[in-house]
Amino acid sequence: MADSGNVDAALVEASRWLDDVPGVVGVGQGEAEGAPTIDVWMNPGHDPGQLPSQLLGVPVRVRDPGGPVEAQPD
């Protein structure tokens with residue numbers, strides 16, 4: 001199981017994919033089976049194989065944004 005430091009570091013690293021990997025429209029922390037994940041929203045038609053299956057020991061899940069993605073205010 002990844003510790004919170006690894007999850008935070010993985011999120012920082014994964015946020016670079018927004019600019020570097022075509023089709024990535026969002027990155028965030030998720031959860032699967034009680035363990036943290038890095039969730040990456042990628043537009044259909046782009047190759048999710050460009051992304052690793054894990055980052056710093058944290059599993060990476062590719063998600064479909066399900067429609068237009070709009071930034072939300074904090």
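Here are a few things to note about the model shown:
- Anisotropy class of the stretch 30-69 from Cα gyration tensor, a/c 1.5 cut: oblate
- Evaluated with a Cβ-only charge set (Lys, Arg +1; Asp, Glu -1), the chain carries a dipole of roughly 160 debye about its Cα centre, given to the nearest 20.
- Highest mean first, the peptides 10-20, 44-54 sorted by other C-beta atoms within 10 Å per residue fall in the order 10-20, 44-54.
- The H on the amide N of residue 55, modeled in the peptide plane, is under 5 Å from the matching H of 60, each at least 5 residues off or on a different chain.
- Computed extension gain for residue 54 through residue 3, at 0.36 nm per residue and net of the alpha carbon distance, reaches 17.0 nm.
- Subtracting the Cα-Cα distance of residue 47 and residue 64 from their residue separation scaled by 0.36 nm leaves 4.9 nm.
- Per-residue extension of 0.36 nm, minus the Cα-Cα distance of residue 13 and residue 32, leaves a gain of 4.8 nm for this segment.
- Carbon and sulfur %, accessible surface of the chain computed with the full protein complex present, 1.4 Å: 47
- Fraction of beta bridges assigned by DSSP in the chain that are antiparallel (%, nearest 5): 70
- Listed residue (27, 48, 7) projecting farthest to the positive dipole end of the chain, Cβ model: 48
- Global form of the chain, assessed from the alpha-carbon gyration tensor, a/c cut-off 1.5: prolate
- Over the chain, DSSP H runs of length four or greater, each weighted -39,500 (n - 2.57), average out per residue to a 222 nm ellipticity of -6000 deg cm²/dmol.
- Taking every protein chain into account, the accessible area of the chain amounts to 65 square angstrom per residue (probe 1.4 Å).
The values are calculated or read from the model by the stated rules, or taken from the named source; none is laboratory data. Predicted, not measured: the structure shown is a model, and the values here were computed from it. Because the Cβ atoms are built from the backbone with ideal geometry, glycine has one as well, and the counts that use them run over all protein chains shown. The protein model used for the area step is the full one, side chains on, heavy atoms only, and it has no ligands, DNA or RNA in it. Shrake-Rupley method; radii C 1.70, N 1.55, O 1.52, S 1.80 Å.
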